[in-house]
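First the structure, in the form of structure tokens, and then the observations on it.
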Amino acid sequence: MSFSSRRRNYMLTSHRRDGLIEWMKSMLHHSFVLDMLTSTAPDTFSHFENLISEHRLLHPVNSSLSPSTSSDNLGAVKGRTSKLKQLVPSVGVFHTDLPLRDAFEIYDEKYGVTKRRHVTVSFNEIRQILNLSQVMAVCGWSGTLPPPAPSNSDTPDPPQPFTGPDLVTFDGDQTLYSDGGNFESNPKLARALALMLKNGISIAVVTAAGYEYDAAKYTLRLSGLLKYFKSKQLTSEECGRFYVMGGECNYLLRLAEDYTLGPVKEAGPGGWVTSTKHLKDSPGNWSEPAVTKLLDIAEKCLKEAVEEMKIRGRVIRKKRAVGLIPSSPSSISRENLDECALRVQSDLYAGSVAFDNLPYCAFNGGSDCWVDVGNKRVGVEILQAYLGLEPSKCLHVGDQFLNTGNDYAARGCAPCAWITSPVETTYILKRLLIFAGGVNIDEEGVNGSAVGPGGVSPKTPRNRAGSASTEIDLDEAARRSVGGLVMDVYTGEMVPNKKQRT
């Protein structure tokens with residue numbers, strides 16, 4: 001069993017618990033014990049909806065602050081604290097209302113949660129219901145599903161309007177591909193992403209992987225996906241809606257019409273750094289001495305941790321990151337990685353004045369521990385500002401929403417979906433496409449596009465050759481290996497295959 005697959009969201013330690021979900025679980029447990037889940041659970045989720053709506057009024061979003069700080073400060077300004085905040089002190093902000101009752105009823109209809117007699121509603125089921133409600137909200141849920149695409153029709157109806165989010169951002173490892181791996185053979189997920197681009201949604205992979213502007217290394221990590229895009233002949237406009245934000249928020253790349261990634265200009269008119277300097281935490285406002293000081297503190301802390309805990313690993317330093325990685329073939333225990341992340345967080349919090357309070361992220365990456373200058377809140381905010389988008393019309397999908405994870409910060413600037421694997425990511429995107437316009441990723445028409453309402457693909461051109469395409473082989477092995485070498489995902493260096501982590 002891999003290290004990542006052993007991670008569990010219901011660990012008893014405080015840094016591996018989510019206060020809101022735990023509270024919801026305890027509320028539902030009463031109904032389960034009284035054997036009244038069928039009759040009372042929908043009303044309980046309606047109660048959750050009302051509490052969240054009140055919380056949004058008293059604690060409106062201020063994305064320039066962290067999730068917890070934003071909620072605390074704004075509640076104090078109004079002189080009132082929401083009932084939800086009193087019940088769950090750690091709760092952050094919400095960017096939309098959540099149709100939790102409808103989401104629960106859809107989930108229960110499929111999985112029969114209320115029919116169980118011996119097992120109550122679990123943490124992960126509540127997490128999935130929250131995900132479903134968030135996807136419904138960003139798709140403008142009106143209480144009914146869009147009509148599905150008819151399988152055969154001589155007189156197709158006009159396509160329904162597509163009401164999905166404007167931007168969906170993704171974590172990389174354990175969200176789009178396996179931890180430490182590349183995007184390989186996952187045609188269903190690739191198809192969902194392609195359909196989102198075809199329907200006008202911008203996509204960005206916001207990853208901690210920082211190879212500066214070496215586009216070839218990011219291309220290698222996503223080569224299976226990019227090959228899929230090429231096989232489906234995405235237009236230049238559709239390709240231009242695909243971005244990669246490397247190093248959390250430090251390097252922005254964009255997909256060109258030849259299906260290769262390239263750097264987005266930083267400075268000058270239209271440059272992404274220049275045009276986002278109005279954001280308080282934008283990289284354009286950082287000083288190099290402050291960056292150096294932050295990394296010095298993090299590096300010193302990690303080296304001390306390695307020595308004191310006798311960790312079989314080494315500390316590496318990049319331009320805007322410091323990482324603790326395992327010495328092959330050893331691995332680092334989950335507990336030690338959590339300890340390292342929490343130690344660095346504590347030291348950086350204590351020394352923040354020395355590096356001008358720059359944003360940072362110290363997190364357990366599953367098999368390693370990293371400290372980045374900047375975080376995913378900054379990365380997503382930059383994309384929102386650069387593309388001119390409202391936070392409520394965006395969605396961030398990731399697997400690390402506990403306080404030792406690097407997706408946690410994104411809660412402050414966008415609605416989020418908390419998944420645990422690429423399989424769950426695929427499911428979330430499948431539901432998003434259905435809620436947004438009745439698009440089904442399981443039904444492919446001409447050009448491999450899903451058949452939309454009326455038997456046509458919304459906003460999707462026909463195959464340029466006029467013929468149906470066939471499924472391609474996305475086997476990554478040949479592309480990852482060059483002359484017996486493979487890329488070390490930690491450093492970006494090409495190393496002999498036998499030394500590559502599997």
Given (1) surrounded by fewer than 22 Cβ atoms within 10 Å (Cβ to Cβ); (2) more than 17 Å from VAL61 (Cα to Cα); (3) of a type in the set (A, V, I, L, M), number of the condition VAL371 does not satisfy: (1)
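Name the helices (runs of 4 or more DSSP H) wholly within segment 201-256 that hold at least 3 residues that are among the hydroxyl-bearing types (Ser, Thr, Tyr)?
223-231
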Out of (1) at pLDDT below 90; (2) open to solvent by 40 Å² or more (accessible area, probe 1.4 Å), the odd one out for LYS188 is which? (1)
Filtering segment 77-107 down to residues that are assigned to a loop (DSSP other than H, G, I, E, B), more than 24 Å from GLN128 (Cβ to Cβ) and among the polar types (S, T, N, Q) yields THR81, SER82
Kindly provide the set of residues from segment 279-323 that are open to solvent by 30 Å² or more (accessible area, probe 1.4 Å), under 19 Å from ARG377 (Cα atoms) and touching a Ser or Thr at 6+ places or on another chain (Cβ under 9 Å), ordered by number. LEU279, LYS280
In segment 216-228, residues that are among the hydrophobic types (A, V, I, L, M, F, W, C) and touching a helix residue (DSSP H, G or I) at 6+ places or on another chain (Cβ under 6 Å) total 1
Consider GLY270 against the criteria (1) open to solvent by 40 Å² or more (accessible area, probe 1.4 Å); (2) within 30 Å of LYS188 (Cα to Cα): it satisfies all of them except one. Which criterion is unmet? (2)
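Let's see how each residue does on (1) closer than 27 Å to ASP442 by Cβ; (2) crowded, with 20+ Cβ neighbours inside 10 Å:
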residue: ALA192; (1), (2): yes, yes
residue: LYS198; (1), (2): yes, yes
residue: ILE203; (1), (2): yes, no
residue: ALA208; (1), (2): no, yes
residue: GLY224; (1), (2): yes, yes
residue: GLU237; (1), (2): yes, no
residue: GLY240; (1), (2): no, no
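In the set ARG117, ARG17, ARG101, which member is at pLDDT below 95, over 30 Å from PRO359 (Cβ atoms) and among the basic types (Lys, Arg)?
Answer to the selection: ARG117.
The values are calculated or read from the model by the stated rules, or taken from the named source; none is laboratory data. On a predicted model such as this, the values are computed, not experimentally measured, just so you know. Note that we place each Cβ from the backbone using ideal geometry, even for glycine, and neighbour counts take in every protein chain shown. Just so you know, the surface numbers come from the protein's heavy atoms only, side chains and all, with ligands and any DNA or RNA stripped out. Shrake-Rupley method; radii C 1.70, N 1.55, O 1.52, S 1.80 Å.
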